[in-house]
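Below is one structure; the comments refer to it alone.
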Amino acid sequence: MTSVLYDSPGPRAIRRSRIVGVVGTLAIIALLGWALWSMYSRGLFDDRWEIFVDPPKGQEAADVWSALLIRGLGATLLAGVIAAPIALLLGTLGVSLRRSTLRPVRWATTVVIELFRGLPVVLMMFFILLVFGVSPLWAVVAGLVLYNTAIFAEILRAGLAALPRGQREAALAVGMTPLQSFLSVELPQAVRLMVPSLVSQLVVLLKDSSLGFIVGYAELLRTIRLNSSFFGPDTLVPYFFVGAAIYIGLNLALSRLAVWLERRGGSRRTAKETPVATSSATAAGPDN
């Protein structure tokens with residue numbers, strides 16, 4: 001079985017791929033082993049890890065975990081949940097304006113998208129915070145929205161460009177307006193086509209919320225820093241590893257969501273195409 005981009009691998013390619021996979025896995029295991037040994041030799045596996053089960057200074061384990069999972073992670077998710085749908089909506093609006101028949105509208109939209117895509121997220125957060133005097137939460141949300149609007153618009157534009165030109169021509173031929181063709185025919189297909197890229201960008205959006213630490217927003221990273229300062233600098237390493245595990249688990253969940261959505265979309269397309277193929281074969285009848 002072949003693909004549009006490449007042929008299926010042969011026995012040599014499969015064997016080479018397995019060898020590379022085994023070597024890469026062993027290298028990763030060796031790297032992790034070296035890191036653990038380095039930490040052990042430096043005395044990092046001492047009682048400082050008890051911060052999560054028996055913290056000092058009159059605190060309880062529930063206080064430590066609630067600070068991480070409720071206040072810190074909750075603030076991270078709050079910024080992401082607010083920013084993501086707004087950025088998706090504005091990104092869709094941006095790609096529609098970029099396809100406008102009016103040249104000034106296309107030019108202005110292109111300039112705005114390229115401007116927001118080229119500016120650092122933290123710079124936009126600082127600008128919103130200092131110029132408009134909003135709270136750190138809304139400065140973070142605004143920065144995430146401005147940057148990811150441009151990225152979502154470019155992702156959707158790539159999906160629209162990948163569609164066959166006949167899709168738009170057929171929609172216009174049956175009497176649809178260009179806007180109706182965009183909203184009812186082209187955009188849904190582009191979204192299904194680019195679901196993995198869109199979800200991957202959502203992962204980036206969620207990780208970029210950690211930049212709110214710089215503008216004073218109490219998200220997960222800032223919560224880790226404040227708690228480690230309260231309990232002492234020795235607890236920074238345990239907090240770092242637990243925070244990294246939380247970020248990795250959250251992003252892996254979003255990545256698995258992308259895979260699930262892609263498979264679900266593929267199964268739906270297969271289910272829709274199968275009856276058409278069967279009816280065509282029946283209509284053709286047996287060869288004489």
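Every number in this text was worked out from the coordinates using simple rules, so none of it is lab data. For clarity, every value in this text was computed on a predicted model and none was experimentally measured. So basically every Cβ, Gly included, is an ideal-geometry build from the backbone, and we count neighbours across all protein chains shown.
A few remarks follow.
- Length gained when the stretch Asp47-Ala13 is fully extended (0.36 nm per residue, less Cα-Cα span): 7.3 nm
- Chain lengthening between Arg165 and Leu31 when straightened (0.36 nm per residue, less Cα-Cα): 43.3 nm
- Over all Cα atoms in region 51-263, the spread is summed up by Rg and Dmax: 21.0, 74 Å.
- Going from the fewest other Cβ atoms within 10 Å to the most, the residues Leu172, Leu160, Leu31 appear in the order Leu31, Leu172, Leu160.
- Ranked by how many other beta carbons lie within 10 Å on average, peptides 54-64, 213-223, 196-206 from highest: 213-223, 196-206, 54-64
- Degrees separating the helix 121-132 axis from the principal Cα axis of the chain, which is the longest one: 80
- For Leu254 and Glu114, the FRET efficiency from 1/(1 + (r/R0)^6), where r spans their Cβ atoms and R0 equals 25 Å, is about 0.40.
- Dividing the convex hull volume of the alpha-carbon atoms in region 80-157 by its residue count gives 80 Å³ per residue.
- The charge dipole of the chain, taken about its Cα centre with unit charges on the Cβ atoms of Lys, Arg (+1), Asp and Glu (-1) only, comes to about 960 debye.
- Near-label residues of region 20-56 by backbone N, under 11 Å of a point 7 Å along Cα→Cβ of Val237: 36-49
- FRET efficiency estimate (nearest 0.05) - Cβ-Cβ, Ala158 to Ser66, R0 45 angstrom: 0.60
- Short-range pairs are left out: with C-alpha atoms under 8 Å and at least six residues apart, the relative contact order of region 51-263 is 26 percent.
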